[in-house]
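Read through the structure below, which is laid out as structure tokens, and then see the notes.
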Amino acid sequence: MTEQQTSPLPGLTTAEAQQLQQQFGKNELVQEKQSNFLRKILQVVAEPMFLLLIGAAIIYFILGEPGDGAIMLLFVVVIISIEVIQEWKTDQTLKALKDLSAPRIKVFRDGLETEINSSDLVPGDLMLIAEGVKVPADGVVVKASTLRVDESSLTGESAAVWKVATEEADASSTEHWRSDYCYAGTLVTQGTGSILVEKIGLTTEYGEIGKAVMSAPETPTPLQQQTGKLVRLSAGIAAVLFILVGSVTYYNIPDHAFAARMTESILAGITLAMAMIPEEFPVVLTVFLSMGAWRLAKKHSLVRKLSSVETLGSVSVLCVDKTGTITMNQMKVQDTWSQTGDDKQLQMTMGMACELNAYDPMEKAMVTYCEEQEIPQKEIFGGELVKDYAFTDETKRMGHVWKKDNRISLAAKCSPEHILPLCALSPEQSRQAEDKIAAMSGQGLRVIAVGQMEIADESAIPATLAECRLDFCGLIGLADPPRESIKHDVEICTKAGIRVVMITGDNGITASAIAKQINMPNNDQIITGDELSQMSDAELREKVRDVSIFSRVIPAHKMRIIQAFKENGEIVAMTGDGVNDAPALKYADIGIAMGKRGSEVSREAADIILLDDNFSTIVDTIKDGRRIYDNIKKAVGYIFAIHIPIAGAALCAPLLGISPASLLLLPLHVVLLELVIDPTCSIVLERQPAEKDVMDRAPRDPKTKLLTLAMLGKSLLQGLAIFGASFGVYLMFLRQAPAEAAVARSMGLTVIFLANIFLVQVNSSDSELAFKSFGRSVKDKVLLGVNLATLAGLAAILYTPLNDVLKMKPLTLQQILLAAGIAFASVYWYEIVKGIRMFSRAGNDVVHGEEG
């Protein structure tokens, strides 16, 4: 932390700020709810699965088997602990993401300029605001430099308001909205200022208005709705089968007393219901999206809304700025042309037309170029700045009037089409200038025209640049080379079915030249901002099907461009950095704000903040979004597949008339299997790398169901194969030795445990055979740890005193090898099918390639 500038007031000390925050609280409209550990536990216990578990434990106690009941409750505590810890980790991840994306503001603390979260502002803080900042609190203007604020969000007045320091304000004014005061929720459109904070949070004008709408209900995403439907459907089926299995079990044990028959039948029904309800679905969705967002943040892509992770895989059009996103945003003056031959005059006028403290990369390049030509800043800006003609979307010009040594000079610059009409040029001079503009633009240079005018006295200074009659000085050609990786990134997007669309304020010829350098499709078709303004919405919809370059556009045009793409059925991601980009970012399916050069308002409107302003990061983000969605599908398919043998065993054993004491699965065993399934799907599958062809596919249709018929068919076949293997070996051993039901149960459960390990390996990739990914899996310490923990758990329930509690028996080496072989065969048959499919697909690609 370094001192940036002097302050008109000392500001607060850190200790004072902490004390004031304890007194006034956070600067938030809605106070963050403190996470209650007990509430989390109660929420988990209220889930159907855990109510069933507790019910089963109570029945064990009623049956006079307190040991089984105690073990059941112990398992309940373990699983609840896992769920609560997982939820706590998710909350911590989301909190970290929220802290990263929180709006920030510069303040003076301990006499130094520093940046803090706006929620940490307190009354008495001295905050610094500048163009593009959304004011986070109410306060008095202590210092103002051409400070202009848009207060339309509060007052409804569209015109921005000039602000002055409090000592310059009209003390007699009785207006409610003061000129020496800034209000939370308003937007700085020009200049800078120092504000002494007076009100925060709900005490601000904005907070008073917002009290009536403290919190809006959150609408579930399509993915959340789909998983909710799946869980409800499974629960409905489980309820029906609960009654069926309970009734069958009741009539299958006529020799028992009524109470015993009822409890045994309820226990059998509970076992099936527990096996049928895939309560992992909501966990998978939350964990995968939040962890995915956290991984993206570490790759310089900050996801502000988790639902956007789901949308990333569907992006079909990517609208990006040229400067800073496609190019390096490192402008350099590469060529100059003086019509009069006076290069020094051209350079001096160019510098005088720049801002005193240049922020724009183009202006920085111009000032640097002047210094390289031995024209120091003190010579350029040595006079008195008499008038400033600010650049606006309407005028598209900027300039300054300087007074030095009793000489008044006007220097102006902007794109040639807005300067040349103000200059007195002969037809020959105009043709010469146009030829030079075309030549510079054809080299991919951004062309800026420079003009100047001598003024007799201050009373003759024109009110606007449009009233001026300028002397044309010449042209400046600036180069901003494409990023090194951009050509490769555009190629990846094209293969992935994603159209890259360039939207720029630059000249169309320059934009086209850059597009050709990076091999962007449709690089010779351009729509200018003026042409766009003349088009109807229907015409624009047709044009955007082929056009991928929009030049000389203003932020207002971006909304129309995005709307046209969306009405054509495209899913649009758009980048932006300016204040006026915010509506378009909000309207796009995925709004991507620039983290380095973007305004605070654009960041708040965006779904994703690009921390490094790099196009490659956008491509990586889309790729990771596709990976996350793929892994969610893998996890859902895995959960369905592994629940089929569990549910099948719980259903078929009672229907076959097997006595309750000899069933393959009791509630204890279902709980045991859930302990294996939860970490497998939420830890192992979430970490799986992207498929090799993830960026060779067309974008996903957002209407596609999470569980397709093909995916359901695959899960059913895999699950039925494991069920046939586990239940078959159980029946075989049970019939060979009816008195040794514990051995039969141990064999069946061992097959399911081992098949689970193989199932994860087989389902971890859709485009790679398991034996090829085995080496990677061995190096994955997390996957290796989960598999070893599963094997250790299996060994513990077979060869420790736990086996007696779980009504199991130790298996011989021969039996273990038999179970392993059966488990392997029950899963790896799918590898043969996958291999045949991959071989067939590869053969088709070769044939089509030869034909092509």
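At a glance:
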{"item": "Karplus-derived HN-Hα couplings along region 631-639 (A = 6.51, B = -1.76, C = 1.60, θ = phi - 60°), whole Hz, x at Gly and Pro", "result": "5, 4, 4, 4, 5, 5, x, 5, 4"}
{"item": "Simple spin-label estimate for LYS703 and HIS488 in nanometres, 7 Å along Cα-Cβ", "result": "3.8 nm"}
{"item": "Simple spin-label estimate for LYS495 and MET838 in nanometres, 7 Å along Cα-Cβ", "result": "1.8 nm"}
{"item": "Long-range HN-HN contacts of LEU147 with modeled amide H, under 5 Å", "result": "LYS163, THR192"}
{"item": "Stretch gain in nm, segment ILE554-ASP405, where the contour uses 0.36 nm per residue and the Cα spacing is subtracted", "result": "49.8 nm"}
{"item": "Under 5 Å, built H, 5+ apart or other chain: amide partners of ASP612", "result": "GLY595"}
{"item": "FRET efficiency estimate (nearest 0.05) - Cβ-Cβ, ASP524 to ARG469, R0 30 angstrom", "result": "0.20"}
{"item": "Net charge dipole size for region 474-614 [Lys, Arg +1 and Asp, Glu -1 on Cβ; Debye, nearest 20]", "result": "100 debye"}
{"item": "Over region 371-432, relative contact order from alpha-carbon pairs under 8 Å, at least 6 apart, %", "result": "21 percent"}
{"item": "Whole-Å distance, taken between Cα centres, linking region 413-468 and region 624-680", "result": "75 Å"}
{"item": "Too-long pairs where the Cα-Cα distance tops 29 Å, listed order kept, from LYS516/LYS623; LYS596/LYS633; LYS436/LYS566; LYS298/LYS322", "result": "LYS596/LYS633; LYS436/LYS566"}
{"item": "Whole-Hz ³J(HN,Hα) from phi, Karplus 6.51 cos²θ - 1.76 cosθ + 1.60, for region 647-664, glycine and proline x", "result": "5, x, 5, 5, 8, 6, 4, x, 5, 7, x, 5, 5, x, 6, 9, 4, 5"}
{"item": "Extension gain from VAL140 to LEU656, taking 0.36 nm per residue of separation minus the Cα-Cα distance", "result": "177.6 nm"}
{"item": "Region 346-372 versus region 512-551: alpha-carbon centroid distance in Å", "result": "31 Å"}
{"item": "Separation in nanometres of the label points that stand 7 Å from Cα toward Cβ, at MET732 and ASP343", "result": "9.1 nm"}
{"item": "Segment THR812-LYS586, length gained on full extension (0.36 nm per residue, minus Cα span)", "result": "74.9 nm"}
{"item": "Share of carbon and sulfur in the accessible heavy-atom surface of region 657-700 [1.4 Å probe, %]", "result": "58 percent"}
{"item": "Förster radius 60 Å - calculated FRET efficiency between LYS516 and ALA820, Cβ distance, rounded to 0.05", "result": "0.50"}
{"item": "Estimated vicinal HN-Hα couplings, Hz - region 747-760 in sequence order (Karplus 6.51, -1.76, 1.60; Gly, Pro = x)", "result": "5, x, 5, 4, 4, 5, 4, 6, 4, 4, 4, 5, 5, 4"}
{"item": "Square roots of 5 times each gyration tensor eigenvalue, C-alpha, region 589-735, largest first, Å", "result": "46, 16, 12"}
{"item": "Largest to smallest principal axis extent of the C-alpha atoms in region 341-408, angstrom", "result": "34, 30, 26"}
{"item": "12 Å tail of the calculated P(r), region 415-473, as % of Cα pairs", "result": "70 percent"}
{"item": "Radius of gyration and Dmax over the Cα atoms of region 303-385, both given in Å", "result": "19.7, 59"}
{"item": "Accessible solvent surface per residue of region 636-722, calculated while the other protein chains remain in place, 1.4 angstrom probe, Å²", "result": "34 Å²"}
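The values are calculated or read from the model by the stated rules, or taken from the named source; none is laboratory data. Since the model is a prediction, treat every value here as computed from it, not as a measurement. Note that we place each Cβ from the backbone using ideal geometry, even for glycine, and neighbour counts take in every protein chain shown. Surface areas here come from the heavy atoms of the whole protein model, side chains and all, with no ligands, DNA or RNA. Shrake-Rupley method; radii C 1.70, N 1.55, O 1.52, S 1.80 Å.
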